[in-house]
Amino acid sequence: MVNITFPDHAVRQFPEGITGLEVAKSISEGLARNILSVKVDNEIWDVSRPIKKDVEIKFLTWDDEGGKATFWHSSAHLMAEAIEAIYPGVKFGIGPHIENGFYYDIDFVDHVISSEDFPKIESKMLELAREKQTFVRKEVSKKDALDYFTRKGDEYKVELLQELEDGQITFYESGRFIDLCRGPHLYDTGPIKAIKLLNIAGAYWRGDETRKQLTRIYGITFPKQKELTDWLILLEEAKKRDHRKLGKDLELFTFSQKVGLGLPIWLPKGTILRERLEMFLRKVQKKAGYQPVICPHIGSVELYKTSGHYQKYGESSFRPITTPVPGEEFFLKPMNCPHHCEVYKSKQRSYKELPIRFSEFGTVYRYEQSGELHGLTRVRGFTQDDAHIFCTTDQVKEEFKGVIDIVMLIFKALDFKDFTTQISLRDKNNQEKYIGSDENWDKAEKAILEVAEESGLNTVIVPGEAAFYGPKMDFLVKDALGRKWQLGTIQVDYNLPERFELEYIGNDNHKHRPVMIHRAPFGSMERFVAVLLEHTAGKFPLWLSPDQAIILPISEKYQNYAEKVFSLLNNSDIRSQIDDRNEKAGKKIRDAELMKIPYMLIVGEREETEGTVSVRKHCEGDLGPRKIEDFIRFVNEEVTKELGDIYL
RNA sequence: GCCGAUGUAGCUCAGCUGGUAGAGCAGCUGAUUUGUAAUCAGCUGGUCGGCGGUUCGAAUCCGUCCAUCGGCUCCA
């Protein structure tokens, strides 16, 4: 007999070798119908796997992440089986579940397939799912496993197998498909009722661009058709929030092939939005003791040789700018830090000055690969809300915390609740990727880890993701389609101060080396605006809206009064415009609603005689008439409420 | 950069198996002087992404280049 402990701490005895499914059945038929997998002592198992010792157990259903993972992983196998049936001889890479669905990397050998082939794969999958094929787990020896895939001619599985240890290799068999797989899987394919293959893409084998590119097919499945339909509707809704679409509709920014790929052009409304954000941060940084500086957009090649950027990125940058002087070269600046080091060096520094914080909205240029460009989130020219803090080793932690506070202030002001914090450390097995001594790296990494611990942030630690000069803490936010983008970043750097021979005179009258903290709480204005657009769906808070109000005269007769209102608003720094088109009020309202302008001020006969405006709020409707001065006060109050103690 | 798809008027899109382009919105002109999500009428506007090729004839077929989209790789 084995003792099985349930989540409510109840313990019951069962015969040894009982399966999760049987345990579930002993509780209720309904539960048994719904479980997809079982968590056994923190490991997720197939429901059909025998339990041979005392364990803790938790049943996983569609409502659990682990349950969905099992469902989608099994769906990947189902897709592979369908594809193998339709295109015999294809070879398989890996096929995991992902956050929403699953994919499988497949070498189609001679076939070229496209999304047009999806329907037939989907219907084959449905056909196989209806056969309720059971997933059978088999432990196999490494030799037998290698024999099988060698005979099958699947070199990818052979490669994966070679890295596994004998004794821990399992196969899963479902229908006519056998896969090397750790599992777990569904009991059978029956619950997979709704299937949608989503897209197709090339993916390098093992993520290595020097190796063969396989065809990756992404898909998603559900236990009910309704859930798939709902999910697809959600996806359509998300696409409407795409910043590239909103940016065009709301006239915020544009791109021009003539100006150049990946070089955003900020239109007047977008410029107001961006300047509002900059103003906000300037105020915050002023309070936090930052000193703005301004540096040129180009820098001598020597600057980047000193910083190490030249050696590291010389080949993948924009080509150097040459001059009539032979041998003289400049680079478009890819980073502001080298310039700021020179700002630091402009005079001798004393420990009494530290920490010194130089800030700059610095526009930088990086030659991103053409396939990487993506709206405003990945561009070749962008403006960082950059700053570099020069401080003593003792001050690092406090300064770092100060930056986290700024990031949190911004996230709070703009209602970003759903973000993740990632700490990127160096890859110790790949030291040639980095510059600087081990000792300095250890110090920097230790500082970040300690701050993270003390700040109480929920962080994810990722080795190998550090910048080449130092470890970092990044704040990531998802876009409308669930793609994660890095916004804020904080990086500790002991290396550049050394390369630039930065010094300060300590209280011991000796020279010391400062530490540098690179930081950008928005990250870049471009990316931040992109994510903000998707987050708000273009419905910006009042303080950010390019147009805070639009004045809608009922007819030409009230044009003069409209102009009077406009001038009063303008004098109070409320951004507005007049819709003086020869259109009816309904049309003007509709257009203003579509442009997501926060307040519509309808003016006609009544308003003119009473000195009022009829206020309509975006998405909410008519708020009734108000004296002009009351509306002005009302707007100012709303802005103050949004910004708290930051006054713009 | 790589894989796949897409590319028709400012925008959104139609155009079957090749017979030299069409709608709605926007814009312009006029009428209307309008009260909380589209007033009416007329008009302008496209060498169908670029360049080559096949054909009597190409938006439509083929090649190539460019751009966009979805991924991969990369991201100081």
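Computed from the coordinates by the stated procedures, all read-outs in this text should not be read as laboratory data. Values in this document were obtained by computation on a predicted structure and should not be read as measured data. Note: ideal-geometry Cβ built from the backbone for every residue, glycine included; neighbour counts use all protein chains shown.
Here are the numbers for the structure shown:
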| read-out | value |
| --- | --- |
| Rel. contact order, % - alpha carbon contacts under 8 angstrom, at least six apart, chain A | 9 percent |
| Length added when fully stretched, residue A:239-residue A:481, from 0.36 nm per residue minus Cα-Cα | 86.4 nm |
| Alpha carbon convex hull of chain A, volume per residue in cubic angstrom | 235 Å³ |
| Furthest towards positive pole of dipole, A:618, A:561, A:574, structure part the range A:534-628, Cβ charges | A:618 |
| Count of Lys pairs (Cα-Cα under 29 Å; at least 8 positions apart or interchain) in the range A:2-132 | 25 |
| A:391, A:295 arranged by Cβ crowding within 10 Å, fewest neighbours leading | A:295, A:391 |
| Ranked packing of A:488-501, A:438-451, most packed first, by mean Cβ within 10 Å | A:488-501, A:438-451 |
| Residue-averaged 222 nm ellipticity for chain A, from DSSP H runs of 4+ at -39500 (n - 2.57), nearest 500 | -11000 deg cm²/dmol |
| Along each principal axis, Cα extent of the range A:428-566, largest first, Å | 76, 43, 29 |
| Spatial separation of Cα centroids for the range A:132-184 and the range A:420-491, in angstrom | 36 Å |
| Rounded Å value of the spacing that divides the Cα centres of the range A:234-298 and the range A:575-599 | 24 Å |
| Ranking of A:307, A:114, A:524 by count of other Cβ atoms within 10 Å, fewest first | A:114, A:307, A:524 |
| Computed FRET value (nearest 0.05) for residue A:443 with residue A:401, which takes r as the C-beta separation and R₀ as 22 Å | 0.85 |
| Shape of the range A:567-613, Cα gyration tensor, a/c cut at 1.5 | oblate |
| Taking the range A:175-223 and dividing mean pair separation by its residue count, relative contact order in percent (alpha carbons under 8 Å, at least six apart) | 38 percent |
| Stokes-Einstein D (µm²/s) once Rh is taken as the Kirkwood radius of the range A:416-496 over alpha-carbon pairs, at 10 °C in 1.306 mPa s | 121 µm²/s |
| Estimated FRET transfer efficiency when R0 is 22 angstrom, pair residue A:465-residue A:204 (beta carbons, to 0.05) | 0.75 |
| Cα centre as origin, Lys/Arg/Asp/Glu Cβ charges: chain A dipole, Debye | 860 debye |
| Two-site FRET efficiency, residue A:606 against residue A:230, from Cβ-Cβ distance with R₀ of 41 Å, rounded to 0.05 | 0.35 |
